[in-house]
1. Looking only at residues that are surrounded by fewer than 15 Cβ atoms within 10 Å (Cβ to Cβ) and either at pLDDT 80 or above or of a type in the set (A, V, I, L, M) (or both) in segment 47-56, which one is farthest from the chain's Cα centre (by Cα)?
2. Do the conditions hold for P40, that is, is it over 15 Å from G88 (Cα atoms) and out of contact with any Gly (no Cβ under 9 Å at 6 or more places or on another chain)?
3. Which one of these does D15 not meet: (1) modelled with pLDDT under 90; (2) closer than 18 Å to S92 by Cβ; (3) crowded, with 19+ Cβ neighbours inside 10 Å?
4. Would you be able to say whether some residue in segment 34-43 is closer than 16 Å to L9 by Cα, loosely packed, with under 12 Cβ neighbours inside 10 Å and either touching a residue at least 24 places away in the same chain (Cβ under 8 Å) or of a type outside the set (G, A, S) (or both)?
5. Of the residues that make up segment 24-43, is at least one in a strand (DSSP E or B), of a type outside the set (A, V, I, L, M, F, W, C) and either more than 13 Å from the chain's Cα centre (by Cα) or at pLDDT below 80 (or both)?
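The values are calculated or read from the model by the stated rules, or taken from the named source; none is laboratory data. Treat the numbers as computed from the prediction; the structure is a model and nothing was measured. Cβ placement follows ideal geometry from the backbone for every residue including glycine, while neighbour counts extend to all protein chains displayed.
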Amino acid sequence: MGTQGYRSLTSSTDDTHAYLFFPDDHGRMYRSRTTLADFPRGFEEPVVILHEAKNDPFEGSCVYRMKGTNQFLLFVGCIEPGETYRTGSAHSLRQRAA
C-alpha cells in the first residue's frame, strides 16, 4: 500500500469484504478492501474516499456498523480548527464520499 504517512488504520466488514480505512497527513481518507476469503491478504491499492483541507481529517479514525442495519458510521480526528472529530455515515462501505 505504499508509504504515504498513513495513520490510524481501522477495519470493518460487510457481507463480502474486509475494509481498511485510514487518513494521511494531507487531508485524505482512504479505503482498501479484500474479500473475506482472502483476508488478511489481498488488499487492493487504496482509493481516496474523502479529500479535505490538510489536517482535516488527520488521525484517530474509526468505522462502525450499526447493529441490525446496513448503516456505517465514520469518525475521524481533525487538528484544525482545534482538535475535533468529524463524522459521516453511509449505507455501504463501497461508496465514495461526494
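1. Narrowing segment 47-56 to residues surrounded by fewer than 15 Cβ atoms within 10 Å (Cβ to Cβ): 47-48, 51, 53-54.
Pick out the ones that are also either at pLDDT 80 or above or of a type in the set (A, V, I, L, M) (or both) and you get 47-48, 51, 53.
Working: V47: 10, V48: 9, H51: 12, A53: 16 Å.
The qualifying residue farthest from the chain's Cα centre (by Cα) is A53.
2. Criteria met by P40.
3. With (1) modelled with pLDDT under 90; (2) closer than 18 Å to S92 by Cβ; (3) crowded, with 19+ Cβ neighbours inside 10 Å applied to D15, the lone miss is (3).
4. So in segment 34-43, the residues closer than 16 Å to L9 by Cα come out as 34, 39-41, 43.
Within this subset, residues satisfying the condition of being loosely packed, with under 12 Cβ neighbours inside 10 Å are 40-41.
Next, from what is left, pick out any that are either touching a residue at least 24 places away in the same chain (Cβ under 8 Å) or of a type outside the set (G, A, S) (or both): 40-41.
For segment 34-43, residues closer than 16 Å to L9 by Cα, loosely packed, with under 12 Cβ neighbours inside 10 Å and either touching a residue at least 24 places away in the same chain (Cβ under 8 Å) or of a type outside the set (G, A, S) (or both): present.
5. From segment 24-43, those in a strand (DSSP E or B) are 28-35; that's our starting set.
Within this subset, residues satisfying the condition of being of a type outside the set (A, V, I, L, M, F, W, C) are 28, 30-35.
Restricting the remaining residues to those that are either more than 13 Å from the chain's Cα centre (by Cα) or at pLDDT below 80 (or both) gives 34-35.
Looking for residues that are in a strand (DSSP E or B), of a type outside the set (A, V, I, L, M, F, W, C) and either more than 13 Å from the chain's Cα centre (by Cα) or at pLDDT below 80 (or both), one finds at least one in segment 24-43, hence yes.
Yes/no per residue for (1) closer than 17 Å to D25 by Cβ; (2) modelled with pLDDT of 75 or more:
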position: F58; (1), (2): yes, no
position: S61; (1), (2): yes, yes
position: R65; (1), (2): no, yes
position: F72; (1), (2): no, yes
position: G77; (1), (2): yes, yes
position: E80; (1), (2): yes, no
position: T87; (1), (2): no, yes
position: R96; (1), (2): no, no
